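See structure below.
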């Protein structure tokens, strides 16, 4: 598959995409348990993971890199909006967002460090970055049929070094997607079983890393 809005929408509309979204969002919610009154930026293609925060956050903006194309998203124009952006020159003021969620963003960015510096710029001093990035050791990163199989995958050490070099402090690590990226009829129950076993038996083989980071001042 290609990494653009139509292909990503098709994946998340599929059965395996729906299971993927729910498994990853459980981990997102574990890191961001209460986002009341927060301004959230979803960067990359974070739309499938933002909807549960509607009605909780003060404002949610989905920013999609111009190379992905565009898609309308949101329930209310006063709460949610979508914008196409140059990922290296974000059209937002300094220290504007309380939280930034990056999905399908870092691995496809033209330049990772300038990409992260822009996120640093728009985050408040106490802001939090939740980065979801493909794990280079996983099957998900090896298959082009997976949206996580494009761009630059990372080991935990590489991601840690990149974040620290871009003035972020990784605070909490997690992982998701231990189930294989195929199957005729994947189910949420089976996916949760894979997650339970995978976290214990083969934690380094998860499909994605999740890292909750803060700004280094």
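May I ask you to say which residue of 151, 198, 165 is surrounded by 13 or more Cβ atoms within 10 Å (Cβ to Cβ) and farther than 17 Å from residue 19 by Cβ?
Values: 198 fails: farther than 17 Å from residue 19 by Cβ; 165 fails: surrounded by 13 or more Cβ atoms within 10 Å (Cβ to Cβ).
The match here is 151.
Which of the numbered conditions does residue 51 fail, given that it passes all the others? Conditions: (1) touching a strand residue (DSSP E or B) at 6+ places or on another chain (Cβ under 9 Å); (2) at pLDDT 90 or above; (3) part of a helix (DSSP H, G or I); (4) surrounded by fewer than 18 Cβ atoms within 10 Å (Cβ to Cβ).
It is condition (2) that residue 51 fails.
How many residues does region 81-135 contain that are assigned to a strand (DSSP E or B) and either free of Cβ contacts under 8 Å to residues at least 12 places away in the same chain or under 18 Å from residue 165 (Cβ atoms) (or both)?
6
For residue 146, are the conditions met, namely being within 19 Å of the chain's Cα centre (by Cα) and within 22 Å of residue 6 (Cα to Cα)?
When the stated conditions are applied, residue 146 passes them.
Of the residues that sit in region 18-48 and are within 14 Å of the chain's Cα centre (by Cα) and within 17 Å of residue 180 (Cα to Cα), which one is surrounded by the most Cβ atoms within 10 Å (Cβ to Cβ)?
That would be 20.
The values are calculated or read from the model by the stated rules, or taken from the named source; none is laboratory data. On a predicted model such as this, the values are computed, not experimentally measured, just so you know. Cβ atoms come from the backbone with ideal geometry, glycine included; neighbour counts cover every protein chain shown.
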